[in-house]
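Notes to accompany the following structure.
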Amino acid sequence: YPSSIGSWLSRAASLGIIAIPVGLLMIAGELDISIGATITAGALITALVSGYFGLPIIVGVLAALSFGLLVGLLNGYLALKAGVPSFIVTLGTLFAVSGLLLGATVLITGTTSIAIKAPELAKTMFGMHIGPGFQVLILWWVAIAGAFVFFVHYSRYGNWIFAIGGDKESARNAGIPTGRMTIILFVLSSVCAAFVGMSQAILFQSVQATPQLTLIFNTIIAVVVGGVLLTGGFGSVI
């Protein structure tokens, strides 16, 4: 039935947009579990800026993606400088971002739920149904997956990612900018998570200040079942 196919494809699109950059991080030997809070952050910031404060939707979208960028930079910097596994770093970021968002939302609005009324153009681009059960996010998933296929399998950066996951020290000795690539991968992960959250806010017109912890485990499961080794150094976007 088309509606059933559309329903699970739409769910898969949200998961897929997040899972691809997380998979690249795992290929490089890193992990990002702060995505559970970054998704909610993307949704909440969009709703706060364009719903509660009434600014244009483009401002809310840019604010959400910019926050994702900042979280990714923070994760990458701490993972490089703290000397502890990225699992621990991003676990701390997960709780810090969750607490910050919950506290800020209650302080500003007096509630944990924010409504947003997005204009038709934003709904068409990010929240529209293009058929029975089919969301436009499926098209974004295909486009983003295509971009990552080129990035990983047809550019030198992909070779760098596999080299870092295989042996980081050897990759650094070979002249690969391991630190810069690690930060870029964390940024891609956080920005994609914020993008999904922003799209959900526009689609559902309402946001709760609750981290999406289930998606963390579903993402890791999808990546591992998709062929990425837990030890890093091997995997594919497809």
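The values are calculated or read from the model by the stated rules, or taken from the named source; none is laboratory data. This one's a predicted model, so the numbers in the text were calculated from it and none came from an experiment. In this analysis, Cβ positions are derived from the backbone assuming ideal geometry, glycine residues included, and neighbour counts consider all displayed protein chains. With ligands, DNA and RNA removed, areas are computed over all heavy atoms of the protein, side chains included. Shrake-Rupley method; radii C 1.70, N 1.55, O 1.52, S 1.80 Å.
If the cut-off is a Cα-Cα distance under 20 Å, which lysines reach K81, setting aside same-chain residues fewer than 8 apart in sequence?
Within reach: K168.
Only Cα pairs under 8 Å and at least 6 apart count here; give the relative contact order of the chain as a rounded whole percent.
Details: 417 pairs, mean separation 102.5, N = 238.
Averaging sequence separation for qualifying contacts and normalising by length gives 43 percent for the chain.
I want to verify a result. In a Gaussian network model of the chain, Cα cutoff 10 Å, which of these has the top mean-square fluctuation: S189, S66, S199?
Maximum among the listed residues: S66.
For the pair S4/E169, report the inter-label distance in nm, with labels modelled 7 Å from Cα in the Cβ direction.
In this crude label model, S4 to E169 measures out at 5.4 nm.
Rounded to the nearest 0.05, what FRET efficiency do V106 and A82 give with R0 = 22 Å and r taken as the Cβ-Cβ distance? Could you check?
Working: r = 30 Å, r/R0 = 1.36.
So the FRET efficiency works out to roughly 0.15.
Looking at (i) 59, 34, 28; (ii) 52, 45, 27; (iii) 64, 41, 27, which value of Cα extents along the principal axes in Å comes from a calculation on the structure shown?
Comparing each candidate, only (ii) matches the computed number.
According to a simple spin-label model (label point 7 Å from Cα along Cα-to-Cβ), what is the distance in nm between A143 and L62?
Reported label-point gap for L62 and A143 is 1.8 nm.
Among the complete DSSP H segments of the chain, which ones combine at least 20 Å of alpha-carbon extent along their axis with a mean Kyte-Doolittle hydropathy of -1.0 or more? Please report the intermediate quantities before stating the final value.
Details: long enough: 2-27 (35 Å, 1.36); 57-81 (36 Å, 1.96); 86-109 (33 Å, 2.00); 137-153 (23 Å, 2.21); 178-204 (39 Å, 1.67).
For the chain, where a helix must reach 20 Å along its axis and average at least -1.0, the hits are 2-27, 57-81, 86-109, 137-153, 178-204.
Using modelled backbone amide H atoms (1.01 Å from N, in-plane), which distant-in-sequence or interchain residues come within less than 5 Å of Q135's amide H?
Sorted by chain and number, the residues that satisfy this are S10, I130.
First compute the accessible area of the chain with a 1.4 Å probe, then give the percent of it belonging to carbon and sulfur atoms.
Values: 7890 of 11140 Å².
The computed percentage sits at 71.
Give the accessible surface of the chain per residue, rounded to a whole number of Å², with probe radius 1.4 Å and ligands, DNA and RNA excluded. Working shown, then result.
Details: 11140 Å² over 238 residues.
Per residue, the chain has an accessible area of 47 Å².
Taking the Cα centre of the chain as origin, sum charge times position over the Cβ atoms of Lys and Arg (+1) and Asp and Glu (-1), and report the length of that vector in debye to the nearest 20.
Dipole about the Cα centre, nearest 20: 140 debye.
For labels at A12 and Q205 in the simple 7 Å Cα→Cβ model, what's the distance in nm?
Inter-label distance under the simple model: 2.9 nm.
In square nanometres and to one decimal, what's the mean projected area of the convex hull around the Cα atoms of the range 44-92?
On the way: hull surface 14.3 nm².
Average projection, Cα convex hull of the range 44-92: 3.6 nm².
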